[in-house]
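Chemist: There's a structure below that I have some questions on.
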Amino acid sequence: MRKKIVVAGTGYLEIINLINEMKIDECEYELIGFLDDNKENFKRNLYGYKILGGFDWIINNKDVLVINSIFRDCDTRYKTTNKLLNMGAKLTKVIHKSVSCDVAKIGKGSIIGRNAVIEKGSHIGKHCVILHNTVIAHDTNIGEYCFLGHNVSIQGFNSIGNKVFIGTGSTSSPDIKIKNNSKIGLNCNLIKNVDEDAILIPPLPKRIK
């Protein structure tokens, strides 16, 4: 069986490779193009794929699966996802074939990049984005509309709320709670719980010579 897919948003072109190499079931998938409401993006090089129209293209093509590749921040992903859903989009998830997650639960509409590891007992909520080489240790719960950058390491028994942004290279200790809408910068080492709406950044590099 062959299913057609369109991608909403043109800012994350690695999604092309992820679709071509994803594992969801035994179906084959064909990427037929992109959707974008911003006409300024129509000039982007999409490596042979076309922009089929704005998001409203979905209204007359509801048999086509949709991937929302917009995740520059969690609120924007939330808004664009709900806009697509209100137009009748059938949102699907993308899991690269190299991902280790056979015993984990991953919500619909999520994107999981190359070589990610999601261990036993962990749960990923709907419409999350987890980029390449990130590790989610056992018995961790991640809410909805979260973003975890490249090479993030989340230890066991963590609890992460909704719309949490965790930058590339950040790590957490076991049993950490990160509450809703918090933003964690690049290369942060989390050793304490993080309050709701908190914004954390690491120390700046210090010259020693």
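The values are calculated or read from the model by the stated rules, or taken from the named source; none is laboratory data. Since this is a predicted model, take the numbers as computed values, not measurements. Quick reminder, even Gly has a Cβ in these numbers, built from the backbone with ideal geometry, and neighbours come from all protein chains shown. In case anyone asks, the SASA skips ligands and DNA or RNA and just uses the protein heavy atoms, side chains included. Shrake-Rupley method; radii C 1.70, N 1.55, O 1.52, S 1.80 Å.
Chemist: In the stretch 28-44, what count of residues is obtained for those that are open to solvent by 100 Å² or more (accessible area, probe 1.4 Å), touching a residue at least 24 places away in the same chain (Cβ under 8 Å) and within 11 Å of Thr10 (Cβ to Cβ)?
Modeler: Going through the stretch 28-44 one residue at a time, the tally reaches 1.
Chemist: Considering the stretch 169-199 alone, what residues qualify as being within 19 Å of Ile130 (Cα to Cα), open to solvent by 50 Å² or more (accessible area, probe 1.4 Å) and aliphatic (A, V, I, L, M)?
Modeler: Leu186
Chemist: Still on this model: Has the stretch 60-75 got at least one residue that is under 26 Å from Ala137 (Cβ atoms), assigned to a loop (DSSP other than H, G, I, E, B), touching a residue at least 12 places away in the same chain (Cβ under 8 Å) and aromatic (Phe, Trp, Tyr)?
Modeler: Yes, that holds for at least one residue.
Chemist: OK, next. If the requirement is being part of a loop (DSSP other than H, G, I, E, B) and more than 20 Å from Ser69 (Cβ to Cβ), which of these qualifies: Lys108, Lys126, Lys206?
Modeler: Only one candidate qualifies: Lys206.
Chemist: Now for a separate question. If you take the residues in the stretch 98-126 that are surrounded by fewer than 17 Cβ atoms within 10 Å (Cβ to Cβ) and among the polar types (S, T, N, Q), which one is nearest to Thr140 (Cα to Cα)?
Modeler: The qualifying residue nearest to Thr140 (Cα to Cα) is Ser100.
Chemist: Taking the stated definitions as given, is Asn17 without any contact (Cβ under 8 Å) to a residue 60 or more places away in the chain, more than 14 Å from Ser110 (Cα to Cα), in contact with a Lys or Arg (Cβ under 9 Å, 6 or more places away or on another chain) and surrounded by fewer than 16 Cβ atoms within 10 Å (Cβ to Cβ)?
Modeler: Here the answer is yes, as Asn17 does meet what is asked.
Chemist: Next question. Inside the stretch 1-43, can you point out the residues that are hydrophobic (A, V, I, L, M, F, W, C), in a loop (DSSP other than H, G, I, E, B) and modelled with pLDDT of 95 or more?
Modeler: Correct list: Leu13 only.
Chemist: Same structure, new question: Would you please list the contacts, defined by Cβ atoms under 9 Å and residues six or more apart or on different chains, that run from a residue in the stretch 78-96 that is in a loop (DSSP other than H, G, I, E, B) to a residue that is of a type in the set (Lys, Arg) and open to solvent by 30 Å² or more (accessible area, probe 1.4 Å)?
Modeler: Met87/Lys62; Gly88/Lys62; Ala89/Lys62; Ala89/Lys83; Thr92/Lys3; Thr92/Lys108; Lys93/Lys108; Lys93/Lys126
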